[in-house]
Structures are given as C-alpha cells and as structure tokens.
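The values are calculated or read from the model by the stated rules, or taken from the named source; none is laboratory data. Given the structure is predicted, the values throughout are model-derived calculations rather than measurements. Neighbour counts are summed over all protein chains in view; Cβ atoms, including those assigned to glycine, are modelled from backbone coordinates with ideal geometry.
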Amino acid sequence: MKKVTVIAINDYVYTLEDKDKNKYDINIEFYDAKVNVGDIIYIDGKVLEETNLYAYGPLLEEANVEDLIKIIKDNKEIYLQRYYG
C-alpha cells in the first residue's frame, strides 16, 4: 500500500501526492466516508497508475488487500473496500 495525501478535490477527482511529490488524479466515489484535503490515504499502487473509475465503501465481505484502502482523518482510521460493477 502506498501512502498519499489528498491535496485537491474537484467533484470526484482527487489529486493525491506521495512522499516523492508525485501527483495522481484519481476518479473516486466514496460511500459512507467524507474525504477532505489533507487526509491521508493508504491505497494499492496499481490504482494510482490505472485510469479508471473507482468506488469505495464500507467493508461488506472479506476482500483482497489490493481492494482495501485506509483513510486517516482526524486521527481516526477508516477502512473501505473497493466496489465493482
């Protein structure tokens, strides 16, 4: 999992930045989680490299590690899984 920080949000396009100052524009819809500028996200590196639409929501079932993300906001950890379909 790669650690990135949310540096901008434009509708569902989140601009994320890693420790090396690489920037990623990812189209993500979050269900049951409000993500703000400054929040930290741990996400699979493949997601950062692909052009796709992503949806993440509450854990519903056992999921592969690459389908999970962790959001750190206000010193709380929120775990979400990727939804397909």
If a residue has to be out of contact with any Phe, Trp or Tyr (no Cβ under 9 Å at 6 or more places or on another chain) and not in a strand (DSSP E or B) to count, how many in segment 1-11 make the cut? 1
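Could you list, in sequence order, all residues of segment 14-68 that are of a type in the set (Val, Ile, Thr), in contact (Cβ under 8 Å) with a residue 40 or more places away in the chain and surrounded by 10 or more Cβ atoms within 10 Å (Cβ to Cβ)? Break it down stepwise before answering.
First, the residues of segment 14-68 that are of a type in the set (Val, Ile, Thr): 15, 26, 28, 35, 37, 40-41, 43, 47, 51, 65.
If we keep only those that are in contact (Cβ under 8 Å) with a residue 40 or more places away in the chain too, we end up with 43, 65.
Matches in segment 14-68: ILE43 only.
Is it fair to say ASP20 is of a type in the set (D, E, K, R), part of a loop (DSSP other than H, G, I, E, B) and either modelled with pLDDT of 95 or more or within 10 Å of the chain's Cα centre (by Cα) (or both)? Talk me through it step by step, then tell me what you get.
Working: of a type in the set (D, E, K, R): yes; part of a loop (DSSP other than H, G, I, E, B): yes; either modelled with pLDDT of 95 or more or within 10 Å of the chain's Cα centre (by Cα) (or both): yes.
In short, yes.
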